[in-house]
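Worksheet: one structure, shown below.
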């Protein structure tokens, strides 16, 4: 019986260590802001259309573009239903409504996950490119790790201020992201 407790104790320690490491990675990417240098492209990752998250991500990408951080923007996100426009199409409308000049855009309208956002962006832009990933702060770790895994480099990241979330919503999204990071471990390792 004692040997079973030792095994359970070791499993609990490993599980806690993985959870703590996961938490620290998510928090690091959410709060640390690298100094962005000129990149080949800005990729804005999708979220549900008509939400403050997608609207503000779009404006953050446009701000980076206006500051000269990249010469092209990739808007990445597919349709949730056949009745809706794609997330990329929604982002294009936001950018066109808030820009004084035309912005060179690549629409990636086939993805339905972070993994597909990055894979499809690579297909549209080519590998080995430098990238600025724009998403909400809680989502950046998974997106940046996937981008590096797919051969983008260097990879910078940025997010809008999360003023549009209540604290309880933000806590939920951070917890959800911890689970998503575990689910993405095989993708991080094997692609």
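Values quoted throughout were computed directly from the atomic coordinates according to the rules given, and no laboratory measurement underlies them. Just so we're clear, the structure is a prediction, and the values are computed from it rather than from any experiment. We place every Cβ from the backbone using ideal geometry, glycine too, and count neighbours over all the protein chains shown.
Does anyone have the angle between helix 2-31 and the longest principal axis of the chain? Alpha-carbon axes, 0 to 90°, nearest 10?
Approximately 20 degrees, to the nearest 10.
Between 117, 56, 97, which gets the highest mean-square fluctuation from a Gaussian network model of the chain, Cα cutoff 10 Å?
Top of the fluctuation ranking is 97.
Let me check against my output: what whole-number percent is the relative contact order of the chain, with C-alpha pairs under 8 Å and at least 6 apart?
Numbers: 309 pairs, mean separation 45.7, N = 191.
Relative contact order comes out at 24 percent.
In a Gaussian network model over the chain where Cα atoms closer than 10 Å are linked, find which of 60, 38, 101 has the largest mean-square fluctuation.
101
Given the DSSP H assignment, sum -39500 (n - 2.57) over each helix run of at least 4 residues in the chain and divide by its residue total; what's the result at 222 nm in deg cm²/dmol, nearest 500?
Helices in the chain give a 222 nm mean residue ellipticity of -17500 deg cm²/dmol.
Mind ordering 71-77, 185-191 by average Cβ neighbours within 10 Å, highest first? If you can, show how the numbers build up before the last one.
Working: 71-77: 24.9, 185-191: 11.1.
The peptides rank, most packed first, as 71-77, 185-191.
Going by Cα centres, the stretch 39-114 and the stretch 8-22 are how many Å apart?
Rounded to whole Å, the Cα centres lie 38 Å apart.
Highest GNM mean-square fluctuation, the chain, Cα pairs closer than 10 Å: which of 85, 118, 132?
85
Taking the Cα-to-Cβ direction at residue 31 and at residue 50 and moving 7 Å from each Cα, how far apart do the two end points lie in nm?
3.6 nm
With each pseudo-label sitting 7 Å past Cα toward Cβ, what's the residue 106-residue 83 distance in nm, one decimal?
Roughly 3.3 nm, to one decimal.
Could you tell me whether the chain comes out rounded, prolate or oblate from its Cα gyration tensor? Rule is a ≥ b ≥ c as square roots of the eigenvalues, rounded for a/c under 1.5, then prolate if a/b exceeds b/c, otherwise oblate.
Verdict is prolate for the chain.
Please give the residues of the stretch 136-153, grouped as numeric ranges, whose backbone N is less than 13 Å from a label point set 7 Å along the Cα-to-Cβ vector of residue 63.
Only 136-137 fall inside the zone, counting backbone N under 13 Å.
Tell me the angle of helix 167-183 to the major Cα principal axis of the chain, expressed in degrees between 0 and 90 and rounded to the nearest ten.
Helix 167-183 sits at roughly 70 degrees to that axis.
Using the alpha-carbon atoms, what tilt in degrees (0 to 90, nearest 10) does helix 140-149 show relative to the longest principal axis of the chain?
90 degrees
Apply 1/(1 + (r/R0)^6) to the Cβ-Cβ distance of residue 161 and residue 97, taking R0 = 22 Å, and write down the FRET efficiency to the nearest 0.05.
Values: r = 20 Å, r/R0 = 0.92.
It comes out at approximately 0.60.
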